[in-house]
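Participant: Can you keep this structure in mind? I'll have questions shortly.
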Amino acid sequence: MASVTLDRVGKRYPDGYRAVEDFSLTIEDGEFIVLVGPSGCGKSTTLRMIAGLETVTSGEIRIGERVVNDTPPKDRDIAMVFQSYALYPHMTIRQNLGFALRLRGLARDEINRRVDEVAELLEISATLDRRPGQLSGGQRQRVALGRAIVRKPSVFLFDEPLSNLDAKLRASMRTEIKLLHRRLGVTTIYVTHDQEEAMTLGDRIVVMSGGAIQQAGPPLDVYSNPSSELVATFIGLPKMNLFRGEISHGSGEWLFTEASDTTSPAPVTARLAPHPARSKGWQEGSTVTAGVRPHRLRLIDEPNRPEHGAFQGAVRSIDILGEEMDLMFDTASLPGAIARVRYRPGVRVGDQVLFRVEPEDVHVFGPQ
Ligand SMILES: Nc1ncnc2c1ncn2[C@@H]1O[C@H](COP(=O)(O)OP(=O)(O)OP(=O)(O)O)[C@@H](O)[C@H]1O
Ligand SMILES: [Mg+2]
């Protein structure tokens, strides 16, 4: 097993495009790291550089103590699982699983023993004599996983391994990957653009954008303390609501007031909870963005209306999810704000609804 270190790693493609810049991160031995970010942000490029499938154009990659910039992929002691499975269609599942071991020159008995062991672990023993074309998508993905596991590498690299599966299968494979990691303890670097997958799988998540790290940390830290609007809106579903406005300081507390040039809808106002790390640079009249997660907007009734931190909206649409519902409404600066609230019968499109927000639930971004 091994740690993986990226030290100011950069990738400039031959056409001059800089896909990754100044990427520094240490992945501890046995850790499960998820690289997450929008399409084109450089996740696969980063992973492929670790695998040795792309050259590194600046900086250094180390696996354990060893600098591997010029080490060919087969000598890096890693195994990669791709979205496309990449199984050999003409080989049986047993041959697919044992292929890398045969190349390494292991004895037939040893190969069979290891293949049987992995097949049992992944519950695909019954498929060993069949070919990939005769398997379901989920079974094929298990074989792809098995092919990586059977090699007993120091590091697993996964590039969106579940995106070809339907939602239900994706969720159950996600759980299996998590259990496998717990069982095998192999250092894992997992790429996805799915924030939910990132949140549930990673010991730490690394949010990327434009080829650079935006924020790295345990999932809940990143979720609770996003360092930028970009991270705030990328992590968490439904997306965080972002209201534009300014802050003011009066009678011992900070307030946010939404920018508005009309009286209807009334601007959002909220009390803010100053925090040493968060309230740096706050000044009377600074223009900021206030972010509130949809789950943190509480539906309240008129008699309970607090002086600040309550605002009204007209319901534009309702999505009922069962126990909960999403109410969409417009504010002065945010058409299509969303509140996720407990299901309540009787709320109709066009109704005026009142929300409360607690100071500690308001994230302030800026002043810019
Ligand atoms: N061979 C190449 N030559 C030039 N540019 C490339 C090459 N491969 C990728 N890129 C560019 O580098 C950027 C990052 O690509 P990459 O595949 O790493 O993104 P990604 O984060 O994995 O995206 P996705 O979620 O869509 O898979 C993209 O803008 C892409 O167009
Ligand atoms: Mg990719």
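The values are calculated or read from the model by the stated rules, or taken from the named source; none is laboratory data. On a predicted model such as this, the values are computed, not experimentally measured, just so you know. Reconstructed Cβ throughout: ideal geometry from the backbone, glycine too, with neighbour counts over all protein chains shown.
Participant: From the list L145, L230, L220, L162, pick out the single residue that is away from ligand 1 (no atom under 16 Å from the Cβ) and out of contact with any Leu (no Cβ under 7 Å at 6 or more places or on another chain).
Facilitator: Going through L145, L230, L220, L162 in turn, just one is away from ligand 1 (no atom under 16 Å from the Cβ) and out of contact with any Leu (no Cβ under 7 Å at 6 or more places or on another chain): L220.
Participant: How do the pairs read when you match residues in the stretch 160-183 that are surrounded by fewer than 17 Cβ atoms within 10 Å (Cβ to Cβ) and at pLDDT below 90 with residues anywhere that are in a helix (DSSP H, G or I) and among the polar types (S, T, N, Q), using Cβ under 8 Å and keeping only pairs 6 or more apart or on different chains?
Facilitator: Qualifying pairs under 8 Å: N164/Q141.
Participant: Provide a single number: the residues in the stretch 287-304 that are touching a strand residue (DSSP E or B) at 6+ places or on another chain (Cβ under 6 Å) and either over 25 Å from R348 (Cβ atoms) or part of a loop (DSSP other than H, G, I, E, B) (or both).
Facilitator: Within the stretch 287-304, residues that are touching a strand residue (DSSP E or B) at 6+ places or on another chain (Cβ under 6 Å) and either over 25 Å from R348 (Cβ atoms) or part of a loop (DSSP other than H, G, I, E, B) (or both) number 6.
Participant: Looking at this structure, is E60 farther than 23 Å from H181 by Cβ, assigned by TED's automatic domain parsing to the domain that holds L180, charged (D, E, K, R) and within 16 Å of ligand 2 (Cβ to nearest atom)?
Facilitator: Judged against the criteria, E60 is not a match.
Participant: Is there a residue in the stretch 204-220 that is in a helix (DSSP H, G or I) and either over 15 Å from the mean Cα position of the chain (by Cα) or surrounded by 18 or more Cβ atoms within 10 Å (Cβ to Cβ) (or both)?
Facilitator: Yes, the stretch 204-220 contains a residue that is in a helix (DSSP H, G or I) and either over 15 Å from the mean Cα position of the chain (by Cα) or surrounded by 18 or more Cβ atoms within 10 Å (Cβ to Cβ) (or both).
Participant: Of the numbered conditions (1) within 16 Å of ligand 2 (Cβ to nearest atom); (2) at pLDDT below 95, P265 fails exactly one; give the number of that condition.
Facilitator: (1)
Participant: Tell me, which residue of the stretch 27-41 that is under 18 Å from V222 (Cβ atoms) and charged (D, E, K, R) is farthest from ligand 1 (Cβ to nearest atom)?
Facilitator: Looking at residues that are under 18 Å from V222 (Cβ atoms) and charged (D, E, K, R), I get E28.
Residue by residue, here is whether (1) away from ligand 2 (no atom under 13 Å from the Cβ); (2) more than 18 Å from D203 (Cβ to Cβ); (3) of a type in the set (A, V, I, L, M, F, W, C) holds:
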{"residue": "F23", "(1), (2), (3)": "yes, yes, yes"}
{"residue": "F32", "(1), (2), (3)": "yes, no, yes"}
{"residue": "G40", "(1), (2), (3)": "no, yes, no"}
{"residue": "L47", "(1), (2), (3)": "no, no, yes"}
{"residue": "E54", "(1), (2), (3)": "no, yes, no"}
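Participant: Restricting to the stretch 49-74, name every residue that is free of Cβ contacts under 8 Å to residues at least 40 places away in the same chain and touching an Asp or Glu at 6+ places or on another chain (Cβ under 7 Å).
Facilitator: Result: V67, N69.
Participant: Quick one: which of S44, S24, S58 is under 24 Å from Q214 (Cα atoms) and away from ligand 1 (no atom under 16 Å from the Cβ)?
Facilitator: S24
Participant: Pick from the stretch 327-362 the residues that are in a strand (DSSP E or B) and basic (K, R): which of them is farthest from F243 (Cα to Cα)?
Facilitator: Looking at the filtered set, the residue picked out is R342.
Participant: For the stretch 130-184, give me each residue that is more than 24 Å from the chain's Cα centre (by Cα) and polar (S, T, N, Q).
Facilitator: Selection gives Q134, S136, Q139.
Participant: Among the residues that make up the stretch 283-295, is at least one of them over 20 Å from A232 (Cβ atoms) and either hydroxyl-bearing (S, T, Y) or crowded, with 17+ Cβ neighbours inside 10 Å (or both)?
Facilitator: No, there is no match, as no residue in the stretch 283-295 is over 20 Å from A232 (Cβ atoms) and either hydroxyl-bearing (S, T, Y) or crowded, with 17+ Cβ neighbours inside 10 Å (or both).
Participant: Six or more apart or on different chains, Cβ under 6 Å: which pairs go from a residue in the stretch 24-42 that's closer than 23 Å to L230 by Cβ to one that's within 16 Å of ligand 2 (Cβ to nearest atom) and among the aromatic types (F, W, Y)? Could you list them?
Facilitator: Going by the 6 Å Cβ cut-off, the qualifying pairs are V34/Y190.
Participant: Got a number for residues in the stretch 221-238 being under 19 Å from E21 (Cα atoms) and not in a loop (DSSP other than H, G, I, E, B)?
Facilitator: Total meeting the criteria: 2.
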